[in-house]
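The values are calculated or read from the model by the stated rules, or taken from the named source; none is laboratory data. Because the structure is a prediction, the values reported are computed rather than measured. Cβ sites come from the backbone with ideal geometry, for glycine too, and all protein chains shown count toward neighbours. These area figures cover heavy atoms from the full protein model, side chains too; ligands, DNA and RNA do not enter into them. Shrake-Rupley method; radii C 1.70, N 1.55, O 1.52, S 1.80 Å.
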Amino acid sequence: MELANIEKLVIKYKNGTTSIEEESILRNYFTGESVAAHLQEYVPMFTYFTFIKKESFNKKVQLKIEKARNKNRKFLSVAASLVLLLTSVFFIKKENDRYQAKKQFAQVTKGLKLLSIQLKKGEIAIANLYSNKNN
Amino acid sequence: MKESDFLKVIKPFKDKVFRLAKRLLVSREEAEDATQEVIFKLWKNKEKISDYKNIEAFAMTMTKNYCYDRLKSKQASNLTLVHTNYKGKETPLEKRIEYKDAVNIVHSLIEQLPEMQKIILQLRDVEQYEFEEICDMVSMKPIAVRVALSRARKTVRNALTKQQNYGVS
């Protein structure tokens, strides 16, 4: 391939306007033996492109085991949410009991306070009565 | 569709899926997981396979989207990417060292490109897809694809020229 032609193709390549066929020509030229000195920077590029294309997926494709694993995961998540639900129900119940106890305690204290106020009133009244009598 | 038929369908492009995944996710293990996931999703939708006019393009789009999602969640969890070295196989030692240099330099240059330019460069210059196919895969207009490709090529080329001029490697 003539150098002038290659130079033209390189400009087209840089602008993203080369066709697949033209790019194959460039690929052959730059991975070949003699490359013009002022175009050396394209050698690593095209070398890389051809090199990296050799990489392949070597693992065996799994179509069934993946399914089983998914099912397992589903089962696991169901189990996990159940455990979460049960523990939260337990805690809510515990918290509720405590709240009820607190409420009852408050009611009782309120009642007792009321009672003590009334008793005090009575006490004062009696005390007054006595002091009046003595006078 | 039987399992053996399905494997025949995916055979021509499973390596391309893997290479695109590796381009985006960097680590081999992640790319293998991504490939497995894409193939498995195709298998689950095997009844619809005959409806797609281009299953290969569809698979590449799926790969692109899957990798984007992975990258997003990775950014969120702040995981670091693992670099793996490339091994040449049956090339002689001298040639292999030369190869490795070129491969590593160009590889790291491409790694610094924006995601979309990476994808398009991979699809065109490595996998040699036609423009219409690439437009289909990345759902972009032909002009936009050409512009991105041109930018990617120029960035890599300019960096290589600089390196040669300064003798840095």
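Select from segment B:29-67 those trypsin sites (Lys or Arg not before Pro) which occupy a DSSP coil region and have at most 14 other Cβ atoms within 10 Å, ordered by residue number. All intermediate terms of the calculation are to be shown ahead of the outcome.
Details: sites: B:K41, B:K44, B:K46, B:K48, B:K53, B:K64; in loops: B:K53.
Filter output for segment B:29-67: B:K53.
Placing +1 on the Cβ of every Lys and Arg and -1 on the Cβ of every Asp and Glu, with nothing else charged, gives the protein assembly as shown a dipole about its Cα centre of roughly 2280 debye. Ligands, DNA and RNA excluded, the heavy atoms of B:M1 present near 110 Å² of accessible surface to a 1.4 Å solvent probe.
Given +1 on the Cβ of Lys and Arg, -1 on the Cβ of Asp and Glu, and no further charges, what dipole in debye does segment A:16-135 carry about its Cα centre, rounded to the nearest 20? Walk me through the numbers before you get to the answer.
Working: 21 positive and 10 negative charges, 384 e Å.
That gives a dipole near 1840 debye.
In segment B:112-131, burial by the other protein chains removes 50 Å² or more of accessible area from B:R124, B:D125, B:V126, B:Q128, compared with the chain on its own (1.4 Å probe, ligands and nucleic acids ignored). To the nearest ten degrees, helix A:3-14 and the longest principal axis of the Cα atoms of chain A are 20 degrees apart. In chain A, the alpha-carbon atoms span a convex hull of 320 Å³ per residue.
Counting helices only, and only those DSSP H runs with n ≥ 4, report the 222 nm mean residue ellipticity of chain A as the sum of -39,500 (n - 2.57) divided by its residues, in deg cm²/dmol to the nearest 500.
Details: 4 runs with 104 residues, N = 135.
The per-residue figure over chain A is -27500 deg cm²/dmol.
Size descriptors for the protein assembly as shown, from the alpha-carbon set: Rg then Dmax equal 35.8, 140 Å.
When the surface is traced with a 1.4 Å probe over the full set of protein chains, A:L3 keeps roughly 70 Å² accessible. Only one residue of A:M45, A:I11, A:T31 has its Cα farthest out toward the positive end of the dipole of segment A:2-54, where Lys and Arg carry +1 and Asp and Glu -1 on Cβ, and that residue is A:M45. The distance between label points at A:K121 and B:A144 comes to 8.4 nm (points 7 Å beyond Cα on the Cα→Cβ vector).
Share of carbon and sulfur in the accessible area of segment A:2-54 stands at 55%, probe radius 1.4 Å.
Couplings 3J(HN,Hα) of segment B:58-64, computed from phi: 4, 5, 5, 4, 4, 4, 4 Hz, in residue order, whole Hz [Karplus 6.51 cos²θ - 1.76 cosθ + 1.60, θ = phi - 60°; x for Gly and Pro].
Give the calculated FRET efficiency between A:K12 and B:T61 to the nearest 0.05, with a Förster radius of 35 Å applied to their Cβ-Cβ distance.
Numbers: r = 28 Å, r/R0 = 0.79.
Efficiency for this residue pair is about 0.80.
Is there a quick way to get the dipole size of segment A:2-54? I mean about its Cα centre, with the Cβ of Lys and Arg at +1 and of Asp and Glu at -1; what is the value in debye to the nearest 20?
On the way: 6 positive and 7 negative charges, 45 e Å.
So the dipole magnitude of segment A:2-54 works out to roughly 220 debye.
Report the one residue of A:I117, B:L113, B:I134 whose Cα lies farthest in the direction of the positive end of the charge dipole of the protein assembly as shown (charges on C-beta: Lys and Arg +1, Asp and Glu -1; origin at the Cα centre). So the residue furthest toward the plus end is A:I117. Label zone (B:Q128, point 7 Å along Cα-to-C-beta; backbone nitrogen cut-off 19 Å) within segment A:27-42: A:27-33, A:42.
Please give the per residue accessible area of segment A:2-54, computed with a probe of 1.4 Å over protein heavy atoms only, in Å².
Values: 2530 Å² over 53 residues.
Result: 48 Å² per residue.
Each chain gives up part of its surface: B and A jointly bury about 4000 Å² of accessible area, both sides summed, for a 1.4 Å probe.
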